[in-house]
1. Per-residue ellipticity at 222 nm for the chain, helices alone: DSSP H runs ≥ 4 residues times -39500 (n - 2.57), over residue total, nearest 500 deg cm²/dmol?
2. For Pro210, what charge total do you get from the other residues with a beta carbon under 11 Å from its beta carbon, if Lys and Arg give +1 and Asp and Glu give -1?
3. What's the center-to-center distance, using Cα atoms, between region 107-125 and region 127-157 in Å?
4. Label point 7 Å out from Val63 along Cα-to-Cβ: which residues of region 110-131 have amide N under 19 Å?
5. 5 Å is the cut-off here: which amide hydrogens, built 1.01 Å from N in the peptide plane, fall below it relative to Ala222, excluding neighbours closer than 5 in sequence?
6. DSSP beta bridges in the chain, what fraction antiparallel, as a percent rounded to 5?
7. Want the number for Asp56 to Ala19: 0.36 nm per residue separation, take away the alpha-carbon distance, what's left?
8. What distance in nm separates the two pseudo spin-label positions at Glu75 and His187, each 7 Å out from Cα along the beta-carbon direction?
Amino acid sequence: MKLLDGKLCAAEVRTELKARVARLAAEGKKVVLAVVRIGDDPASEIYIRNKVRACDEVGIVPVVRILPADTSQAEAEAVVSALSSDPEICGILVQLPLPAGLDEARIMRLIPPEKDVDGFSAQNLGLLASDRPATVACTPQGVMELLRRNMIPLAGKRAVVIGRSNIVGRPMALLLLNADATVTVCHSKTQGLAAICREADLLVCAVGRPNFVTADMVKEGAVVVDVGINRTAGKLCGDVDFAAVAPHTSYITPVPGGVGPMTVAMLLKNCVDAAERQL
Ligand code: NDP
């Protein structure tokens, strides 16, 4: 069993991005990422702090707009619209979830596809679905990058994705399909989940439940990617029962230190890509 080390890969990606940001700077182009936080969700605060630190490391300029929890729909839309039309801003990220009462879809639609560094827009999802160049959601893109950098072949392999959310499971399945894997997507209504998982050469789990994937669900020698982030008794863990599953795998991601760091690295990459396109 080998660990798929997301920390190491993310550091490699950041080094490459730093060089690209420096080249853009030499041409007079600053890479600016706008981050909008509405409300005081403590998890959002930690995520944003990590993203700002990562921006600083590669030379991307973060612009953080913090709005109170009682921000009105009109005020939120005005802030996002202003960032959308600001030529200095290369990418816009609205940290989700938004406080109850705000129409998330309407706010997200104000981000133009070329500044949609989260890859959540209908246009980017549509491009991905039709296997055309798109800005892809950071987490599934990070998984692909981790697999690529570890030279894990995908063409012709059986891939099973557990989870079908718009930000992880669905784009993950499309990326694997575009990479010529034979893909099965499972969700809460799936019957015979364990048997389906046992067929997987690559098993990606994005459910959000600790110890969801157990050893009896994993084929001997499979690659297991654990996207889940759960907090149990103050400790972070994934969706996979790591101790029991790892000995049966050829490669497995740890949590923390697997997919998480790659997600942040892909956000930076999407932002640098956007800046290069703007130039
Ligand atoms: P969602 O809650 O949006 O989606 C969870 C998915 O799991 C749904 O599709 C749901 O099915 C499915 N599911 C729930 N119960 C079962 C079950 N018993 N059997 C099979 N499938 C089931 O979560 P996200 O996709 O946003 O996130 C998933 C996990 O990944 C979370 O732990 C999250 O914290 C983590 N995450 C990690 C990131 C990282 O950087 N590492 C980034 C983003 C998320 P259905 O559609 O039928 O409800």
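Bear in mind that the values in this text are calculations on the coordinates, not laboratory data. All values reported here derive from a predicted model rather than from experimental measurement. Neighbour counts run over all protein chains shown; Cβ positions are idealised from the backbone, glycine included.
1. -12500 deg cm²/dmol
2. 0
3. 19
4. Hits in region 110-131 for Val63 at 19 Å: 110-119.
5. Answer set, sorted by chain and number: Ser250.
6. 10
7. Here the answer is 12.0 nm.
8. Placing both labels 7 Å along Cα→Cβ, they lie 3.6 nm apart.
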